[in-house]
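The values are calculated or read from the model by the stated rules, or taken from the named source; none is laboratory data. A quick note: this is a predicted structure, and the numbers were derived from the prediction, not measured. All Cβ positions, even for glycine, are placed from backbone atoms using ideal geometry, and neighbour counts span all protein chains on display.
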């Protein structure tokens, strides 16, 4: 009985140690790929322009409609209806615009943008690169003397970084539309909503949201490119890589957001007070 329990505990400890080692090794490989990607993007020759433009169009085509639906629904339901119901208890529905600065501009819009980009564009990138690995196209590029990081990873990295920041601007607009719909549903005038929104929104909120989502795009791009370029096991391996890439990228996004938000609030305490 004791021996069986000891073996079980030993096996559990060994399994946790092995999982931790694999996770740390994978994180190190992803960080190494990010470093090589940044160096390749910053050094000539800059031959990835056409592919970069194609990737930007591809990301915009895939993501604009899911982002539109998601941000309007989230803006209407979460900070809109829930925040409005809470404020109505105090007769302060006119303060809903200030709630949107905290709920939508700082958190919901960047989060929804990251989730949509990772779930739609990121998974498509993993599937594309994984299929190339299965067909041995990446090995052929190396034999021909073509750097796969410069030709495949860099344009996707730059496109996701740029387009995620751009999509965040649309997410902010669509989220505010959700707030307008929520205000109308409470039969409240729109003038106080926009007045409190503009009084509480600052340049720090805007650049913080854009910087955060731009880094989200970098994280999503590197993770999904790494998972796509390290596929093994044929077509089934591509499916596993797609799923693992989405999970890892969103976990990394959540972790970075926690640190970024704490630093932003610590360095700009004035934005934590509603006016």
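General observations
- When we screen 134, 143 for residues that are free of Cβ contacts under 8 Å to residues at least 40 places away in the same chain and either under 28 Å from residue 226 (Cβ atoms) or out of contact with any helix residue (DSSP H, G or I) (no Cβ under 6 Å at 6 or more places or on another chain) (or both), the only hit is 143.
- Single condition residue 26 does not satisfy, out of (1) surrounded by 12 or more Cβ atoms within 10 Å (Cβ to Cβ); (2) at pLDDT 85 or above; (3) more than 19 Å from residue 160 (Cα to Cα): (2)
- The set of residues in region 108-131 that are free of Cβ contacts under 8 Å to residues at least 60 places away in the same chain and either out of contact with any helix residue (DSSP H, G or I) (no Cβ under 6 Å at 6 or more places or on another chain) or surrounded by fewer than 20 Cβ atoms within 10 Å (Cβ to Cβ) (or both) contains only 120.
- Filtered residues of region 244-269 (kept if free of Cβ contacts under 8 Å to residues at least 12 places away in the same chain and either farther than 16 Å from residue 22 by Cβ or over 15 Å from the mean Cα position of the chain (by Cα) (or both)): 254, 255, 258, 259, 262, 263, 265, 266, 267, 269
- Condition check for residue 182: modelled with pLDDT under 90 and either surrounded by 21 or more Cβ atoms within 10 Å (Cβ to Cβ) or within 12 Å of the chain's Cα centre (by Cα) (or both): yes
- Filter result for the condition that a residue is more than 15 Å from the chain's Cα centre (by Cα), buried (at least 23 other Cβ atoms within 10 Å of the Cβ) and part of a helix (DSSP H, G or I), over 103, 80, 84: 80
- Any hit, region 142-164, residues being at pLDDT 90 or above and farther than 30 Å from residue 44 by Cα: no
- Scanning region 217-239 for residues that are surrounded by fewer than 15 Cβ atoms within 10 Å (Cβ to Cβ) and either touching a strand residue (DSSP E or B) at 6+ places or on another chain (Cβ under 7 Å) or assigned to a helix (DSSP H, G or I) (or both), we see that the one that is modelled with the highest pLDDT is 236.
- Residue match in region 58-76 (condition: farther than 21 Å from residue 113 by Cα, in a helix (DSSP H, G or I) and in contact with a helix residue (DSSP H, G or I) (Cβ under 9 Å, 6 or more places away or on another chain)): no
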